[in-house]
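Read through the structure below, which is laid out as structure tokens, and then see the notes.
The values are calculated or read from the model by the stated rules, or taken from the named source; none is laboratory data. Bear in mind the structure is a predicted one, so any value in this text is a computation, not a measurement. Cβ coordinates were reconstructed from backbone atoms using ideal geometry, including for glycine residues, and neighbour counts include every protein chain displayed.
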């Protein structure tokens, strides 16, 4: 939580600087030739958005359902938007394509329903990655389990099973649904717990594990976000299970995908740079958690740092918030793009 408005010192702290000491687990992330990110679930669905050569938007008539009150007996249907996030990530390297699912949305039905209307085969996934344990990123696991034909690897931080709740300023308590490791295993998921970075798909996809917190302004959640320790409830500022997915696009730089970005968007990008040794950021996609009074003060320093990184594509979604969206679009007009359920972003590496 940021306790005061952005000051000159906070803005200065947003500039890239090395973290102290060696990387937790330095590694070589093999470059990929192409990466496609399809937003299966986001807070927004806009069927009138236009695409381009690298951005595919779903049709206004992405599906058809019976509706007897129309003369034709049917009507068009769109895609589901909800307060959650899910993305399909397909990488191509040396002529071979691999697909991961990153988060699964809020409800058991939205992600699988959108996938069906988009023609996405969820039974052909290579693995599932859970960015963190919050229910708006894990709710679709129930729907996904019904589609599994064999054991599905699922990479998750061991703290994702933490019992959490929020306490509003007026004292109202909202317990969060807690992901069950036992239930997931019974449903066919091969749960793989990792605190440290992991390389997947022939070393071409990096899962960050715990993210180093190095900025002076990304301070985490406000006191109302709490976790159960076994003895009582305590302020859970860090959400230490927050992790991101990183791909090295050949000749372009890093593509970073976040769920909520609880570790801080700038912390996450710096962590990815430090782990891989790749300095250039090509794309940042996903939730940046800059919404609400506790986080809107972080918008300025975040945009200052991201502007210096000069990414080619920025697709803020989910929990980014409208104030941050407007500010990012103004600061990075050539890079910013509206996220929406069903949109695919195709990124190609540089020609050899």
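Restrict the check to the range 255-275 and report whether at least one residue is in contact with a helix residue (DSSP H, G or I) (Cβ under 6 Å, 6 or more places away or on another chain) and surrounded by fewer than 24 Cβ atoms within 10 Å (Cβ to Cβ). Among the residues of the range 255-275, not one is in contact with a helix residue (DSSP H, G or I) (Cβ under 6 Å, 6 or more places away or on another chain) and surrounded by fewer than 24 Cβ atoms within 10 Å (Cβ to Cβ), which makes the answer no.
From the list 311, 301, the lone residue that is in contact with a helix residue (DSSP H, G or I) (Cβ under 6 Å, 6 or more places away or on another chain), crowded, with 20+ Cβ neighbours inside 10 Å and farther than 19 Å from residue 242 by Cα is 301. Of the residues that make up the range 63-75, is at least one in contact with a helix residue (DSSP H, G or I) (Cβ under 9 Å, 6 or more places away or on another chain), modelled with pLDDT under 95 and crowded, with 16+ Cβ neighbours inside 10 Å? For the range 63-75, residues in contact with a helix residue (DSSP H, G or I) (Cβ under 9 Å, 6 or more places away or on another chain), modelled with pLDDT under 95 and crowded, with 16+ Cβ neighbours inside 10 Å: present. The set of residues in the range 66-116 that are out of contact with any strand residue (DSSP E or B) (no Cβ under 7 Å at 6 or more places or on another chain) and assigned to a strand (DSSP E or B) contains only 96.
Regarding residue 36, is this residue within 20 Å of residue 335 (Cα to Cα), within 22 Å of the chain's Cα centre (by Cα) and either at pLDDT 95 or above or in a strand (DSSP E or B) (or both)? Yes, satisfied.
Annotation note: Cβ proximity below 7 Å between a residue of the range 217-228 that is at positive phi and buried (at least 20 other Cβ atoms within 10 Å of the Cβ) and a residue that is at pLDDT below 95 and part of a loop (DSSP other than H, G, I, E, B) (sequence gap 6+ or interchain) occurs for 220/1.
Considering only residues in the range 230-252 that are farther than 23 Å from residue 155 by Cα and free of Cβ contacts under 8 Å to residues at least 40 places away in the same chain, the one that is surrounded by the most Cβ atoms within 10 Å (Cβ to Cβ) turns out to be 235.
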